[in-house]
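Trainee: One structure, pasted below without further comment.
The values are calculated or read from the model by the stated rules, or taken from the named source; none is laboratory data. Quick caveat: nothing in here was measured; it's all calculated off a predicted structure. Counting neighbours? That spans all protein chains shown, and the Cβs are built from the backbone with ideal geometry, glycine included.
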């Protein structure tokens with residue numbers, strides 16, 4: 001009846017709004033009877049699991065971490081307003097059901113509504129593809145303790161690894177772009193699908209948690225495959241551990257037995273890094289390559305030929321200078337310079353137009369500069385031996401700091417994946433009274 | 001040599017950075033000789049014109065107006081700083097060459113540089129597809145007269161149709177999101193390709209014009225084709241004139257003989273319309289449909305069955321009420337209610353996160369609400385009988401105003417298309433001295 005009902009089976013998302021409305025119109029049915037009938041039409045198809053563009057929500061690990069990177073990301077941090085642990089658990093249960101549905105290309109909630117009630121799904125992704133949507137949830141320090149208060153009786157469960165990030169040299173953090181008690185990252189190959197999902201998840205948090213900040217980002221895959229580029233024009237992520245290697249992921253990304261309820265989860269650190277693009281673009285090519293430590297065109301380490309050639313940190317030129325400068329980003333962020341520390345980077349470029357920093361500029365520059373750069377996202381088994389270890393060195397020594405400013409920052413514990421019938425973060429609450 | 005040189009011919013954009021660098025490395029050539037040789041490698045291929053994903057830049061009309069809508073848009077307004085007309089013309093010539101190259105998937109500028117100079121293209125779209133990129137340029141009122149000053153001797157050439165937009169009822173315009181002397185809209189099926197193009201064009205304006213504001217947007221096509229949805233969850237653009245009909249476009253979109261140098265150009269009005277999504281999402285479905293005047297699921301006018309059924313503005317229900325309410329958006333924006341006025345809408349949804357309005361909110365709401373909505377873009381032959389005519393009615397009567405706030409606004413004269421060897425806006429300067 002509706003246009004999107006004519007789409008190829010399995011390709012279009014969210015047939016429900018159309019099905020429900022058409023039914024209501026055709027049968028003249030208003031009310032719960034019609035809603036229940038419509039619901040049966042909207043039930044998940046057995047084929048949905050394997051249909052093109054669907055990333056499974058349920059699993060040992062959460063999606064969106066080792067998932068092949070989607071082209072669009074929305075990262076939202078929320079502040080908790082709930083006064084009772086039960087309200088937090090109820091929210092996590094609602095989110096679990098909705099995230100699974102959304103990843104399958106369905107509406108956020110299963111029930112239809114009559115014309116005299118607000119729709120349970122706003123419908124802005126009706127007819128669009130599932131677009132490999134993933135939803136990744138995280139718990140910030142504030143879930144466990146906030147302003148010294150143990151609001152939900154969870155303080156004793158705070159993972160040791162979920163530390164408060166230290167201040168790093170050069171940080172210029174803006175409070176409204178930092179922290180949060182909960183996080184939701186939605187990634188998808190379609191920005192409208194991603195925004196729809198996040199909006200519906202926010203609506204489900206009404207009265208329990210509200211959004212504090214949100215960052216959108218994009219990452220475009222090269223036509224020929226391989227590593228994408230960031231806004232500096234350099235390949236970004238060459239040095240990542242192999243996501244297809246469970247050994248590497250168990251070592252670098254997933255919490256092990258030491259994690260307790262966090263086992264098979266991971267810790268995410270995000271940093272909103274503004275890049276002075278106007279400055280960078282006027283910098284000579286050779287210096288750009290010395291800053292990064294790599295060839296701009298093919299990503300090879302300086303002195304090498306191919307992108308994935310190992311860095312030779314000992315190589316010297318004829319004057320005895322290191323081929324990869326002492327303050328180059330690739331050197332300082334390498335495992336060899338950080339006692340073996342590694343992280344899984346899954347960064348997105350961002351472009352927020354102009355004006356965010358207007359109040360910080362002199363009048364003659366107000367509104368002129370671009371607010372664009374890198375939304376750095378890194379997963380690791382333990383931030384103390386991951387991001388914090390590496391960034392402590394970078395913050396003080398990396399010559400790239402000439403061009404970058406960290407203005408947003410947050411850390412979250414991303415719990416293990418969910419099995420059907422359970423809910424996200426369930427292990428956190430196991431054995432607690434109430 | 002570089003990773004993206006291995007891509008399928010014709011599919012990957014901007015092979016130049018790689019070609020130039022590889023050459024310089026291989027031959028040990030540094031300087032203009034190497035640059036010139038590299039340039040010959042980067043020359044446009046004859047096949048490029050017809051290659052997948054390339055929208056032609058040259059033509060009778062500018063691209064990006066009747067072009068099938070791309071998924072991503074960046075709209076930027078610039079303020080002119082130039083003191084001489086010749087500098088403006090030189091900029092337009094640089095932009096013309098660059099826009100043509102960018103649409104073909106090439107770098108913004110044709111010349112390579114040695115390692116000791118800044119790259120002429122930042123390289124952030126290296127290896128990406130052309131992505132149907134279009135660049136649409138516009139001239140704001142300030143090009144012709146600014147603060148009463150005729151800076152460039154163009155005041156007499158200001159088109160009658162390029163009026164200053166009147167204040168509309170309910171406008172809550174923010175100065176930093178309004179106006180501009182020049183506009184660049186970049187549309188593409190890839191956000192990174194779009195951002196790269198805009199950034200390179202801005203760099204080419206250095207010292208002549210600088211960015212005042214920028215708005216990004218997205219529009220996702222339904223899997224089954226047809227009309228896409230906006231963030232209200234309704235199909236958006238059903239009532240548009242047919243872009244494939246040159247009769248309709250000549251009537252509605254393109255300036256005719258009355259336009260003088262603007263003949264075959266068009267006038268664009270943009271409005272940044274914030275939607276109170278949290279409010280809208282709590283509104284009952286039946287009321288949402290009365291606000292729009294259409295069925296939410298399939299887009300049919302109220303009382304009709306199919307999306308493209310004509311509105312029956314005279315239909316009444318059994319109680320004598322109009323089926324399409326007197327204050328419904330579809331009724332008030334219809335040609336029938338506006339003496340036949342029509343516009344070509346090419347809107348994008350936007351999501352700018354939270355916080356833009358923070359300074360306007362009471363403390364207890366700061367940072368909470370989403371700054372998302374519709375970046376309204378409308379093309380027309382004459383704004384006085386197009387957008388202004390229609391919006392005057394909408395601004396006072398449309399019940400949708402309960403949920404929408406116009407916070408940004410601008411108007412530009414988009415000159416006719418360019419033929420090879422000429423430059424954008426050339427007709428404006430014909431016959432002028434100097």
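Trainee: Yes or no: residue A:83 surrounded by fewer than 22 Cβ atoms within 10 Å (Cβ to Cβ) and in contact with a strand residue (DSSP E or B) (Cβ under 6 Å, 6 or more places away or on another chain)?
Mentor: Judged against the criteria, residue A:83 is not a match.
Trainee: Looking at residue A:174, is it out of contact with any helix residue (DSSP H, G or I) (no Cβ under 6 Å at 6 or more places or on another chain), within 11 Å of chain B (Cβ to nearest Cβ) and at pLDDT below 95?
Mentor: It is true that residue A:174 is out of contact with any helix residue (DSSP H, G or I) (no Cβ under 6 Å at 6 or more places or on another chain), within 11 Å of chain B (Cβ to nearest Cβ) and at pLDDT below 95.
Trainee: Follow-up question, since we're still on this one. Does segment A:236-249 include one or more residues that are under 30 Å from residue A:354 (Cβ atoms) and within 14 Å of chain B (Cβ to nearest Cβ)?
Mentor: yes
Trainee: Name the single residue that is surrounded by the most Cβ atoms within 10 Å (Cβ to Cβ) among those in segment B:134-156 being assigned to a helix (DSSP H, G or I) and touching a helix residue (DSSP H, G or I) at 6+ places or on another chain (Cβ under 6 Å).
Mentor: Selected residue: B:144.
Trainee: Criterion first (more than 14 Å from every other protein chain (Cβ to nearest Cβ), at pLDDT 95 or above and surrounded by fewer than 22 Cβ atoms within 10 Å (Cβ to Cβ)) does residue B:260 satisfy it?
Mentor: The answer is yes for residue B:260.
Trainee: Could you say which residue among B:233, B:226 is outside any helix (DSSP H, G or I), under 29 Å from residue B:105 (Cα atoms) and in contact with a helix residue (DSSP H, G or I) (Cβ under 8 Å, 6 or more places away or on another chain)?
Mentor: Matching residue, one of B:233, B:226: B:226.
Trainee: Looking at the structure I just gave you, is residue A:131 within 11 Å of chain B (Cβ to nearest Cβ), out of contact with any helix residue (DSSP H, G or I) (no Cβ under 7 Å at 6 or more places or on another chain), closer than 25 Å to residue A:215 by Cβ and outside any helix (DSSP H, G or I)?
Mentor: Criteria not met by residue A:131.
Trainee: If you don't mind, another one. Is it the case, given these coordinates, that residue A:60 is assigned to a loop (DSSP other than H, G, I, E, B) and within 14 Å of another protein chain (Cβ to nearest Cβ)?
Mentor: no
Trainee: Looking at A:102, A:74, can you tell me which residue is in contact with a helix residue (DSSP H, G or I) (Cβ under 6 Å, 6 or more places away or on another chain) and under 15 Å from residue A:183 (Cα atoms)?
Mentor: Result: A:74 is the single residue among A:102, A:74 that is in contact with a helix residue (DSSP H, G or I) (Cβ under 6 Å, 6 or more places away or on another chain) and under 15 Å from residue A:183 (Cα atoms).
Trainee: Here is a follow-up. Six or more apart or on different chains, Cβ under 7 Å: which pairs go from a residue in segment B:273-287 that's within 8 Å of another protein chain (Cβ to nearest Cβ) to one that's in a helix (DSSP H, G or I)? Could you list them?
Mentor: Partner pairs satisfying both residue conditions: B:277/A:199; B:281/A:203.
Trainee: Output the number of residues of segment B:396-416 satisfying the condition of being over 19 Å from residue B:175 (Cα atoms) and either touching a helix residue (DSSP H, G or I) at 6+ places or on another chain (Cβ under 8 Å) or at pLDDT below 95 (or both).
Mentor: Going through segment B:396-416 one residue at a time, the tally reaches 10.
Trainee: Give the residue that is nearest to the other protein chains (Cβ to nearest Cβ), with candidates limited to residues of segment B:288-305 that are surrounded by fewer than 21 Cβ atoms within 10 Å (Cβ to Cβ) and part of a loop (DSSP other than H, G, I, E, B).
Mentor: This residue is B:305.
Trainee: Which count do you get for residues in segment B:186-217 that are at the interface with another protein chain (Cβ under 7 Å from one of its Cβ atoms), under 26 Å from residue A:234 (Cβ atoms), part of a strand (DSSP E or B) and in contact with a helix residue (DSSP H, G or I) (Cβ under 7 Å, 6 or more places away or on another chain)?
Mentor: Adding up the residues that qualify gives 1.
Trainee: What is the one condition in (1) modelled with pLDDT of 95 or more; (2) under 29 Å from residue B:308 (Cα atoms) that residue B:208 does not satisfy?
Mentor: Residue B:208 satisfies all of (1) modelled with pLDDT of 95 or more; (2) under 29 Å from residue B:308 (Cα atoms) except (2).
Trainee: Select from segment A:333-371 the residues that are at pLDDT 95 or above and assigned to a strand (DSSP E or B) and list them in ascending order.
Mentor: Hits for segment A:333-371 are A:344, A:345, A:348, A:349, A:350, A:351.
Trainee: Continuing with this model, one more query. Out of all the residues in segment A:110-125, which are within 14 Å of chain B (Cβ to nearest Cβ) and touching a residue at least 40 places away in the same chain (Cβ under 8 Å)?
Mentor: Within segment A:110-125, A:111, A:112, A:113, A:114, A:115, A:116, A:119, A:121, A:122, A:123, A:124, A:125 qualify.
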